[in-house]
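Input: a single structure, listed below in structure tokens.
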Amino acid sequence: MPTETFEFQVEARQLLQLMIHSVYSNKDVFLRELVSNASDALDKLRLAALRDDSLDADTSDLHIEIELDPDARTLTVRDNGIGMSYEEVGRLIGTIANSGTAAFLKELKEAQDGAGAEGLIGQFGVGFYSGFMVADEMTLVTRQAGESKGTRWSSRGEGTYTLESVDDAPQGTSVTLHLKPADPDNQLHDYTSVWKVKEIVKRYSDFITWPIRHFPKAGEGQETPDAETLNSMKALWARSREEVSDDEYHELYKHVGHDWRDPLETIRLQAEGTFEYQALLFLPEHAPQDLFTRDFRRGLQLYVRRVLIMDDCEALLPQYLRFVKGVVDAQDLSLNVSREILQQDRHIQMIQRRLTKKVLATVKRMKSDDTDKYATFWREFGAVLKEGLISDSGNRDALLAVASFASTRAEDEPTTLQEYVERMRDGQDDIYYLTGESRQSIANSPHMEAFAAKGVEVLLLTDPVDEVWVDAVGEFEGKRLRSVAKGEIDLGAEDDEEADAEREKRTESYAGLLGWMTEHLKEDVKDVRLSTRLTVSPACVVSDAHDLTPALEQMYRAMGQEVPTTKRILELNPDHPLVQGLNRSYDEQEDRTGLGESAELLYGLAVLAEGGQPKEPARFVKLVAERLEHTLRSE
Ligand code: ADP
């Protein structure tokens, strides 16, 4: 097959431009990235060989080798791991599949100013491409384990790359960097220097469990010396806390988590006894873009006695902690245990319970000791953790202890339920909340009016999951969780007889209108009644205490479930001149045409006010326009 030339995908080209123009100040990390890829390739080969003994691959001496040639100015990272097929090279190396990277490029474009862009860049990883920071050409030769033919990929990082089949490639992958010309003023950055490479490996890749070798150059007339192994290969989780620096932990995190940033928190756990295991867990500082998508990949690895047996091991932590990255190394598990068996395994379930408790305890400690860190954590992962309120009733109390929510009390000060309850005033029996899309839209919703007027605190819940957990949890310390948009609200109106009589009289005077409107709007609402929650707006729509809210209905439909449309209730504000006017025209006029339209308009306004859409927008607009025209004419 002849050499073929391909164009890089647009995003890939943009990234390459960034690399070529050297936007990262620390270029050394390119080696960490190549070694990390090589180590993954070795892990993958061992796992594949474990699952399939007919795989025709050599696994006898899996290792990484770094070869330096100062004369030719090349640096090569070689592994004898899983390798890639011709098609894979094109797909994996020629395009950027990572949605996080694509999102990053978009952000970068938006942050036009230099300083902002610089900050952003440092946070995103670009793996293989980072080689172009130090090289003006990269060549990759690879042969997939079990295949006979290999592939050579080559590029100068500009717009195109070439692919060709090769007959004599060894198993695995070797990546050769044709380094940029040496900078005579900066010998420190000569990547053909052995000590430089040693230093980088030591700093970033010491914990890699495969040997990273280098063959020193033989002197004139001498035999080739033995290979030197540059890394200690010591599993960080098996070493004592004092022996390992934070930086070393952070490098391990970057390797398993595929992140370029430091983690927010490192959690160590050593379990002794009949079932021994060690765990090293990390809480990232940022939630990945795809956290809520089905194919989100976790970064939790399972080892058995220092041997990686499973990447992305979902049995070790509950779904709502899927963002936790790290390593669990168990002593007594079979090396070829399957995912299905792991899910059932009693020991694994024990580990899961223990790790869950440990993570929640860590978050709790963070909350009391380091509020900034906690605030970052909750902003990034609160929405995921709240899923646990629904799925993990055993840890509900622990989750509620660390969960915080926006509230009407103060703009930037989230509150726990505990704190809310402590602030509740005499006579308030329930914890009030309102759900919706954004703080702004719900804080201004008509449902809040009476609460604002009376100074009653309301929690403002804006994550989709909030709709569900409030129902699942139901109450906290004997106080019911109640939506301000559901059921009848009694905020302790004056309880004297005079006021009662007054209310009764008013209800009576509205009885005719309310009955008539209920009938007229029966397609849309199940009842029209007077409101106790409005002070400013003329009307709002509310749900019955146990009905599904429109957002939940929508969510179920999005998941493909059939749910009947629940009719809601229209509430009118009897103190509003518009509503009073309607009542007068009901009493005084025989012809109900105008009143019917007003009723529809009022209902449409109430729907709009909570961020919804009138059922027939065109008709709504037409009615409003006619009314406006009418007012103008009479002015
Ligand atoms: P990342 O490692 O973050 O996925 P890279 O751009 O570094 O991103 O690599 C893209 C993909 O190319 C890897 O996910 C892997 O599938 C493949 N790859 C890279 N290097 C190697 C290697 N040495 N051996 C086998 N596959 C590799």
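The values are calculated or read from the model by the stated rules, or taken from the named source; none is laboratory data. Treat the numbers as computed from the prediction; the structure is a model and nothing was measured. A quick note on method: Cβ atoms are made from the backbone with ideal geometry, for glycine too, and the neighbour counts reach across all protein chains shown. Areas reflect the complete protein model, heavy atoms only, side chains present, ligands, DNA and RNA absent. Shrake-Rupley method; radii C 1.70, N 1.55, O 1.52, S 1.80 Å.
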For Lys180, the residues 5 or more places away or on another chain with a placed amide H closer than 5 Å to its own amide H are Ala135, Asp136
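Nearest-5 percent of antiparallel DSSP beta bridges in the chain?
Looking only at bridges with both residues in the chain, the antiparallel portion is about 75 percent.
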With runs of 4+ DSSP H residues as the only contributors, calculate the mean residue ellipticity of the chain at 222 nm using -39,500 (n - 2.57) per run, divided by the residue total and rounded to the nearest 500. -12000 deg cm²/dmol
Among all lysine pairs in the stretch 484-635 that are eight or more places apart or on different chains, how many have alpha carbons less than 21 angstrom apart? 9
Cα long-axis angle, helix 371-385 against the chain (0 to 90 degrees, to the nearest 10): 80 degrees
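Of all alpha-carbon pairs in the chain, indicate the percentage at a distance above 50 angstrom.
Cα-Cα pairs in the chain separated by more than 50 Å: 32 percent.
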Everything considered on the Cα gyration tensor (a ≥ b ≥ c; rounded for a/c under 1.5, else prolate if a/b is larger than b/c, else oblate), the stretch 4-229 must be described as oblate
Summarise the accessible area of the chain (1.4 Å probe, protein heavy atoms) by the percent that is carbon and sulfur. 48 percent
Relative to the chain, whose Cα atoms define the longest principal axis, helix 346-369 and its Cα axis are tilted in degrees, nearest 10, by 70 degrees
Whole number in Å², please: accessible area per residue of the chain, 1.4 Å probe, ligands, DNA and RNA not counted. 50 Å²
What is the spin-label model distance, in nm, from Lys109 to Glu616 if the labels are put 7 Å beyond Cα along the C-beta direction? 4.2 nm
Once Asn444 and Asp61 are pulled to full extension, the length gained, defined as 0.36 nm per residue separation minus their Cα-Cα distance, is 131.2 nm
How about Lys325: which lysines have a C-alpha closer than 27 Å to its C-alpha, ignoring those fewer than 8 places off in the same chain? Lys27, Lys44, Lys106, Lys202, Lys234, Lys254, Lys357, Lys358, Lys364, Lys367, Lys373, Lys386
Would you mind counting up the charge near Gly299? Only other residues with Cβ under 9 Å from its Cβ, with Lys and Arg at +1 and Asp and Glu at -1. 0
quick note, the stretch 497-634, DSSP beta bridge pairs, % antiparallel (nearest 5) is 45 percent
Neighbour net charge for Tyr320 - beta-carbon separation under 10 angstrom, K R +1, D E -1: 0
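Which order do the peptides 264-271, 501-508 come out in when sorted by mean C-beta neighbours inside 10 angstrom, highest first?
264-271, 501-508
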Report, to the nearest 10°, how far helix 29-51 tilts away from the longest principal axis of the Cα atoms in the chain, using its own Cα long axis and a range of 0 to 90°. 90 degrees
Would you mind computing, in nm to one decimal, how far apart the modelled labels at Glu285 and Glu477 are, each placed 7 Å from Cα along Cα→Cβ? 3.5 nm
